[in-house]
Structure formats: C-alpha cells, structure tokens
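The values are calculated or read from the model by the stated rules, or taken from the named source; none is laboratory data. For clarity, every value in this text was computed on a predicted model and none was experimentally measured. Using ideal geometry, Cβ is built from the backbone for each residue, glycine included, and neighbour counts are taken over all protein chains shown.
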Amino acid sequence: MYSGKKVLVTGGTGMIGRPLVELLLQRGARVRIASLDDAGRAHPEAEYLQANLMHFDNCARACAGMDFVFHLAGVKGSPAMTAKQPASFFVPTLSFNTNVMEAARQAGVKRLLYTSTIGVYGPAEAFFEDDVWKKFPSENDRFAGWAKRMGELQIEAYGIEFGWKELSIVRPANVYGPYDNFDLVTGMVIPSLIRRAVDGENPLRVWGDGTPQRDFIHARDVAHGMLLALERAANGTAINLGSGVGVSIRELVDIILSHMKTKPEVVYDTSKPAGDKKRIMDISRARAIGFAPTISLSEGVGQVMEWYAKHRDLVRHRYNVFHEKKMA
C-alpha cells in the first residue's frame, strides 16, 4: 500500500513519528516530515519541513502533493502542565488539527490518520471506543481531552459533508520510547523517571503512592498499529492502541530499578498529585485488524534507558511548547 506513495508525517521527529517514518521508508514510501524540532532529529532519508502547523499556509505547503497524511503533531506534557499551562495544550492542538486536516482535504489527500489520545476518555474501569461520548474527559485531561475530541468530530464532519470516508482515528494509550520528552518539569512519568534514575537521583522521588495503574505501550508498537489502521480501518472508526494491561507506577519503578547496577532509594511523595487511579484500554478492535503489542514493558524500558544515556544531546534539541514564551 505504501510503496511509492508520498506520505506526510506531522510530528515525524517525535517519539511515535520517528519509528513511523522508519517503517514507512522501509515500505518504500516517499516521506515528508513537518515539525518544529531541530532538523538533526529528522530521519536523514526523509524530506524535512520545519514549520509551525498552527498556521494554515504552512499546513497547505506540507500537504501539497501528498497521497497520505499521518497527523501526529500534538502537545504532550505531564499532569502538572495540564494544571499550570492548559492553553499550551488546548490552543496548539485545536490549531494543528483544524489546519492540517483542512489543508489535507483541500490538497486532495486520499487517506488521513488522526492521532487522538487516551485522554478523551472519562474515568472508567476499562476504555471502550464507543463509550467515549458517554462521559466528559477526566479532570486531569480536561483541556487536552476536549481538544482531541474536536479533532475526532472534524473527521466525522468531513465524512458527512464531503463524503471523505478514508479517514482513520487512533487513540494511543500511555506511549513511551526513544525521542520522548525527557524534560524534568514537563515530561510524563516514564521519561521523567528514566532521566532522573539514569542521571543518578538518590533518593528517587515518585509522585503519589505508586498504586495508580496505566496502560503503557512502546512507540514502535503504536507506529505499527497506525500503519494497520490506515490500511485496514480507514472508515472513520476510532481504534485504541494500547497493551490492554494495567501496570502500577510502583511496578514501573521496580522495572526501572531492575535495569540499574546501582539502585537508588525510592521515596513515594503522597503530597503530590498522581492522576486517575486506573487508565486501561480495551484493544479488541485493534486486535481485529491484526494489531498485537510485541515489546514488553521491561524490554522497552531497558531500551529507552540505554537510548537516553547515549542521546542526551538529542533530548536537548526537542521543541517544547511549555518553555516557549509565545505560541507563534
């Protein structure tokens, strides 16, 4: 399906975008990346366009001549950032979605994949795709969750008004991998813990009591799932991409320690917020199109720890909206 096709990957220098670009190139695609990261983070065999996708003209330039678009560009940050800088989630996400998808429609793109998030779900024992509109997003994901839901509605609107049906929606779980955001202030739980552990923090401080459960999935597995979704489920139907298994933060910490020669003392700081108690996806729909996670959490975390230790320079060259004074 992808051989010889012109494919745009927005956010193609990021944690999921980088392995997705590699997989597309392996399949013979001609890949263009649009991102705000330093050019050194882009795959050398792909065309690179450094552009702010909050502006429609940049989106039109990125989408011109493309057969397929994988829209991954977004804002990822910790629960603390959701509370302190909600506009930095909300405004760019709405702008990216509206502009990229409309530019793709106007450019005559054949198929488009939209990357939503686990954050669209309200609190529940398990997240099923068709339940998303029955509740509001969790208070811990209110701004990002609603912004991503608007992108899903935009997909539905195109099908109704323009008959553009070859559209796919994926909702990744808690994704981790190389090229993640390892910033100590804004990063999510896995990259933040890995950076502090590898850099020698002792005691290693963990927010909360360690009991909340998360559905962790490696970025390369998500990238495989995206290829399958655009190929086999480009019909406007949302698909969860996760492991389907809950892992507690305490178990995650134990996995990180298992890969360390010198193990720090661990202190659980119950004065800090820990987020929702349980966030686990049902992945039956993904399995029906051939998706299955292949990288265990222990294997993946070990790989990321090794990658971080060797690539601290790339970590410093990641665009981070939370450190920008202007969203321009």
Exception for R30 within (1) farther than 28 Å from G242 by Cβ; (2) surrounded by fewer than 16 Cβ atoms within 10 Å (Cβ to Cβ); (3) touching a residue at least 12 places away in the same chain (Cβ under 8 Å) falls at (2)
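Which one of S35, S3 is over 21 Å from the mean Cα position of the chain (by Cα) and not β-branched (V, I, T)? Before the answer, list the steps.
Values: S35 fails: over 21 Å from the mean Cα position of the chain (by Cα).
Residue meeting the stated conditions: S3.
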Restricting the search to region 242-273, which residues are more than 25 Å from E306 (Cα to Cα) and either crowded, with 16+ Cβ neighbours inside 10 Å or among the hydroxyl-bearing types (S, T, Y) (or both)? G244, T270, S271
Mind listing just one residue for me: the one in region 293-307 that is under 14 Å from D215 (Cα atoms) and small (G, A, S) and, of those, nearest to the chain's Cα centre (by Cα)? G300
Return the pair list, or none, for Cβ contacts closer than 7 Å from residues in region 259-283 that are within 25 Å of A173 (Cβ to Cβ) to residues that are basic (K, R) and surrounded by fewer than 16 Cβ atoms within 10 Å (Cβ to Cβ), at least 6 apart or on different chains. D269/R205
Quick one: in region 248-292, of everything that is at pLDDT below 95 and small (G, A, S), which residue is nearest to the chain's Cα centre (by Cα)? G275
Quick one: in region 282-302, which of the residues that are in a loop (DSSP other than H, G, I, E, B) and of a type in the set (S, T, N, Q) is farthest from G177 (Cα to Cα)? T294
Evaluate the following for G14: is it out of contact with any helix residue (DSSP H, G or I) (no Cβ under 6 Å at 6 or more places or on another chain), on the phi < 0 side of the Ramachandran plot, in a helix (DSSP H, G or I) and small (G, A, S)? no
Would you mind telling me which numbered condition in (1) surrounded by fewer than 24 Cβ atoms within 10 Å (Cβ to Cβ); (2) closer than 14 Å to L112 by Cα; (3) not hydroxyl-bearing (S, T, Y) R41 fails? (2)
Working carefully through the options A124, A147, A197, find the one that is outside any helix (DSSP H, G or I), among the small types (G, A, S), surrounded by 15 or more Cβ atoms within 10 Å (Cβ to Cβ) and touching a helix residue (DSSP H, G or I) at 6+ places or on another chain (Cβ under 9 Å). A124
